[in-house]
């Protein structure tokens, strides 16, 4: 029964994809869909690389759907972060950001590299008698710039 449920979900997903692709239509529209394929494949590659999706055995079909939905949302958030930064870079006339290893510049920053930039940010606090003592977070100029490009207030880190 579990195997049958999985096959039905896969078949249903296949039907959704089939309905989105035109059987016949203007050649230009079909060419545009074909040219967009590398972008779709890149996003799909994120599942196994950055998001580290692995084989999972779930008993209920609803859990499989929930797991796929969670990963889909992660991919959407990742795409929105990249889009926001790239559009802000273009608006502010910034050609590249030094977010690659060894501080090399990147014209197309990716979400994993952006998040990696913040991996060393730490928040320290402790309780002393009846008060909480917190040490301020010290952001680098690159981290401040990324927050500005994302439209986030750096005051949340201070």
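Things to note:
- Residue list for segment 73-100, restricted to those being surrounded by 14 or more Cβ atoms within 10 Å (Cβ to Cβ) and part of a helix (DSSP H, G or I): 74, 75, 78, 79, 81, 82, 84, 85, 86, 88, 89
- Unique match (being at pLDDT below 90 and either out of contact with any helix residue (DSSP H, G or I) (no Cβ under 6 Å at 6 or more places or on another chain) or closer than 16 Å to residue 150 by Cβ (or both)) among 108, 132, 117, 84: 132
- Residue list for segment 101-158, restricted to those being in a helix (DSSP H, G or I) and loosely packed, with under 10 Cβ neighbours inside 10 Å: 101, 102, 103, 141, 155, 156
- Residue 37 vs. criteria over 23 Å from the mean Cα position of the chain (by Cα), over 23 Å from residue 151 (Cβ atoms), part of a helix (DSSP H, G or I) and modelled with pLDDT under 80: no
- Any pair with Cβ under 6 angstrom, 6 or more apart, that starts in segment 60-73 at a residue that is farther than 18 Å from residue 45 by Cβ and ends at one that is surrounded by 13 or more Cβ atoms within 10 Å (Cβ to Cβ): 61/5; 61/9; 64/9; 64/58
The values are calculated or read from the model by the stated rules, or taken from the named source; none is laboratory data. These numbers come from a predicted model, not from an experiment. Cβ atoms come from the backbone with ideal geometry, glycine included; neighbour counts cover every protein chain shown.
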